[in-house]
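What follows is a short report on a single structure.
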């Protein structure tokens, strides 16, 4: 058995080791990046935010609706996860910058090692961006659903009531109009009549009404009660909700577009990994070295010296 | 925290009590109107007394009618009482409608229920 033992050449072993390492990295990166788009990430699935389309939100004045939704979002796990991924990707960006500088200064094996490291960090960075996009998409979808539910509630509220109730409301409106038109005439009649005179209710009502009117004017002029406006034109609540819906639709469309950027980045990392793998493989084979081929010699003497 | 909860609860309850107290404006109007019609039709009253009573009740009726028309709790309240009240403005808001049409309360009511001088003259006595 001892005759079969071959003493390993350390240089050859190292070469095989390097080759295997680079192939392994290339396969690993390729596999990970190929699946990148379809893999659900931890944060995107676990981080939650479940706002409710309550009556309170509909009744909020002006742009306070959006502020209330944003404030609710900031308290959620989803916001924490989003902030965390953003901070992590910022850190990763600086790591990538440092690594790139180090690669420029390094050479030989260290350079290859750093390039491997750089590829791994780029892969992690793309993963983080993907995670961040998933969270942003989730936020936009939740907001979109919330605003759509609020809009639905608002329109249901406007169209609420049976035909009988609607008829009653129209009767009441007509009665109100008729009452308002005859109000001054009735007041005149009361003033003319000595026996009737102005009642305590009428006097108190008029006094309270002037107080209410001044308060209503103050409420309307209050800066916190300003109606949302678009290009200087005041928006109704349903218009405002529709503008919020379209803003979130735009956010979703942009995230989709950013997904394409990410896919290209992933593809480039994969190609870089492949190129690095080939480079290391070729270097380990040392093609510039003189060929190991021994010149063939034919032992002619065995044939002619008989 | 508990104290705050109880304060808000009591405030909500008092608001509810106030709201339910205001819900009787239409019933009050109906009662006053019934008294007015009773005064109109009563055979026991003299002309002067009837006139004085009608004027007093008329003033109260104007206030009550205004209270009903300004009562936000009645808006869209689909009950038979509210439906019946708003079906006929001339009969429910008798005082306002009569002044609007420059008629006395009695004339306006009689006219609204279909009893005019002409119809009374045209009427003939008979067995039903």
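The numbers here are math on the coordinates, done by the rules we state, and not lab data. What you see is a predicted model; the values in this text were computed from it and never measured. Cβ coordinates were reconstructed from backbone atoms using ideal geometry, including for glycine residues, and neighbour counts include every protein chain displayed.
Ordering A:222, A:116, A:167 by the number of other Cβ atoms within 10 Å of each residue's own Cβ, fewest first, gives A:222, A:167, A:116. Counting neighbouring Cβ atoms within 10 Å and putting the fewest first, the residues B:125, B:67 line up as B:125, B:67.
Between region B:48-107 and region B:29-47, the alpha-carbon centres lie 14 Å apart.
Using C-alpha pairs below 8 Å separated by at least 6 residues, the relative contact order for region B:23-122 is 25 percent. Expressed as a fraction of 2.2 N^0.38 Å, the value expected for a compact globular protein of N residues, the C-alpha radius of gyration of region B:23-122 is 1.12. Exposure proxy ranking for A:75, A:143, based on other Cβ atoms within 10 angstrom of each Cβ and starting from the fewest, stands as A:75, A:143. Summarising the label geometry, the points placed 7 Å from Cα in the beta-carbon direction at residue A:59 and residue A:263 lie 4.8 nm from one another.
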